[in-house]
1. Does region A:167-175 include one or more residues that are over 16 Å from B:ALA172 (Cα atoms) and out of contact with any Cys (no Cβ under 8 Å at 6 or more places or on another chain)?
2. Given the options A:GLU122, A:GLU77, name the one that is more than 22 Å from B:VAL30 (Cβ to Cβ) and either at pLDDT below 95 or buried (at least 20 other Cβ atoms within 10 Å of the Cβ) (or both).
3. Can you pull out the residues in region A:43-83 that are within 23 Å of A:SER196 (Cα to Cα) and without any contact (Cβ under 8 Å) to a residue 40 or more places away in the chain?
4. Take B:SER205 and decide whether it is in contact with a Gly (Cβ under 6 Å, 6 or more places away or on another chain) and at pLDDT below 50.
5. Go through (1) out of contact with any strand residue (DSSP E or B) (no Cβ under 6 Å at 6 or more places or on another chain); (2) away from DNA strand C (no atom under 16 Å from the Cβ) one by one and return the number of the condition A:PHE49 breaks.
6. Inside region A:52-72, can you point out the residues that are away from DNA strand C (no atom under 16 Å from the Cβ) and more than 15 Å from A:ASP120 (Cα to Cα)?
7. Touching a Phe, Trp or Tyr at 6+ places or on another chain (Cβ under 9 Å), assigned to a helix (DSSP H, G or I), surrounded by 21 or more Cβ atoms within 10 Å (Cβ to Cβ) and facing another protein chain (nearest Cβ under 9 Å): does that describe B:ALA172?
8. If you scan region B:26-60, which residues turn out to be within 9 Å of DNA strand D (Cβ to nearest atom) and of a type in the set (S, T, N, Q)?
Protein chains: 2
Amino acid sequence: MAETREHRSHDERRRQLVDASVAVMTEQGVAAVTTRAVTARAGLPHGSFHYCFDSKADLFCAILEQELGRSIVAAFEPPATPVDPEERIAAGLRARLDQVIARPDYFLALAELSVLSHRDAELGRLARWEQAEYLREVTRNLDEWSRADGLEWSAPTPGVAALLIALSDGIAASWLVERNDAAAHESIRLAAASVSSLVSTSSTSITSPTTTTTPGGAS
Amino acid sequence: MAETREHRSHDERRRQLVDASVAVMTEQGVAAVTTRAVTARAGLPHGSFHYCFDSKADLFCAILEQELGRSIVAAFEPPATPVDPEERIAAGLRARLDQVIARPDYFLALAELSVLSHRDAELGRLARWEQAEYLREVTRNLDEWSRADGLEWSAPTPGVAALLIALSDGIAASWLVERNDAAAHESIRLAAASVSSLVSTSSTSITSPTTTTTPGGAS
DNA sequence: GTCTATACGTGGATAGAC
DNA sequence: GTCTATCCACGTATAGAC
C-alpha cells in the first residue's frame, strides 16, 4: 500500500476532476466545462489536467461513464410492495420524474452531454452501450416484478421496457422545458392507465386471490 | 417599395445566415456554429455577421424561432382518411419518427439547440413558448379528429396530447441513439395500442357503421 | 512524479477603410 | 451601407522547471 500511494493519487485526481466537471457542468452547462474551469474548481493547477486525461474527449468519456452508470442503478426497481399494475407503472415513471425535479440542472447537463456524445465516435459508442444496459436493467426488473405478481404482457417485455423508457424520458424532457409539475404527473397518470392495458393478470397468481391480504397499511 | 430595397437586403442577409447556420449545425453540431463558419458557409465576409445580428445569442434566437416553428406545421395533422383510433395514433407517432429517420443529423442538432436554450433566459422563453404552441396545435388536431370520428377520451384532450408528444419525443430520442428502426416501430405499435385504450367510440358516429366502406385499395 | 509557463490556434466583437 | 483588418480573451496542449 505504501508503494502504491503515488499511483492511488493519480486515480483520485481523476475522480476529483470528474466530480469538479460535473459540478461546473451542472451549474453552467457543458460549454463551460473547460480544462481551466475544471482544474480551478477542483483546486488543482491547470497543468494537472493533461496529466490525468489524454484530452477533453477523454474527460467526457469518464464523466459519461460515471454518471450514466449512476442513473442505471435504480431503474424501475422491483416489487417494493405488490400493488396493481397501473399503480406500479405510475410509481416507476414517477421515480424518474422525481429525480429530475429534485436536480433539474444536473439532468439538463446530462441531457446536454448525451446529445453531444453523438458527434464523437467514441462517446457515441459509450452512450449506446449505456442505453442498451439501461434497457436490459429495466427489462430484468419488469420481468422479475411481473413474475412475482403473476402478470402477463401482450407483447415481449423488452418492447414494453423500451416503451416505458421512452415514456419516462419524454415526460422528463417535457418537464425540463415547461417545469409544470401538474402536467407531468397527469401525463404519468395517463401513461400508466394506457400501458396497464397491455397487461393481463394471469390466473396462475396463487399468492394473491381476488382480495389481496396485505398486512400493514392498506389504503 | 423602392425606398425599402436596402432594408429588404438586410433581412435577406439574416435569412441567408440563419440557413447557413442550420447547415453547419446539421453537419458538424451546434458547437461548430461560429460566426466565422457561418459567414464562410453563406459566402459572406465575416464582418457581415454583426451587421445582421447583435450577438451570437441573437442568431440562436432566430434559428430556434424559424426551425421550431417549422416543426409545428404538421403535428398530428387531422383525419387524413378515417381509420380506427389505434391506427390513427400509430400513424401520428410514425409521422414524426419518419421525419427524424429521414434527417437524423438535423434533428440531432435541433435537440442540441433545445437543451442548450435552457441556459439562456431569452432562448428559454422562446423554447417554452414554442413548446406550448406545439401542445396547442396537437390538441387542436386531436380535438378535430376526435369530433369528426365521434370519439371520446377518458381524460381531457390537452393531457392526452401532452402524452402523445412525450411519447413521440421519447421514441425519437431513443431512435437517435440506437438507430434501431424495428425497436422504434415496435414502441409505436405498443404505444398506439396502449393509448387507444383511453378512447371510447361514442354511439354518435353515424358516418361509419360496423363495417367501413372505403373505396379504393382495402388491404 | 508534480506543477508552471508558454505556444499556438480560434472565437467574438469592433474600429475604421472603401 | 458594405466589407477589411485587427484586438482581446480564451481554450487545448506541451515543453520544461522544480
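1. In the first step, residues of region A:167-175 are kept if they are over 16 Å from B:ALA172 (Cα atoms); the result is A:175.
Narrowing further to those that are out of contact with any Cys (no Cβ under 8 Å at 6 or more places or on another chain): A:175.
Yes: one or more hits.
2. Values: A:GLU122 fails: more than 22 Å from B:VAL30 (Cβ to Cβ).
Just a single option satisfies the conditions, and that option is A:GLU77.
3. Within region A:43-83, A:ALA74, A:ALA80, A:VAL83 qualify.
4. Values: in contact with a Gly (Cβ under 6 Å, 6 or more places away or on another chain): yes; at pLDDT below 50: yes.
When the stated conditions are applied, B:SER205 passes them.
5. (2)
6. Within region A:52-72, A:GLN66, A:GLU67, A:LEU68, A:GLY69, A:ARG70, A:SER71, A:ILE72 meet the criteria.
7. Numbers: touching a Phe, Trp or Tyr at 6+ places or on another chain (Cβ under 9 Å): yes; assigned to a helix (DSSP H, G or I): yes; surrounded by 21 or more Cβ atoms within 10 Å (Cβ to Cβ): yes; facing another protein chain (nearest Cβ under 9 Å): yes.
Here the answer is yes, as B:ALA172 does meet what is asked.
8. The answer is B:THR39, B:SER48.
The values are calculated or read from the model by the stated rules, or taken from the named source; none is laboratory data. Because the structure is a prediction, the values reported are computed rather than measured. Using ideal geometry, Cβ is built from the backbone for each residue, glycine included, and neighbour counts are taken over all protein chains shown.
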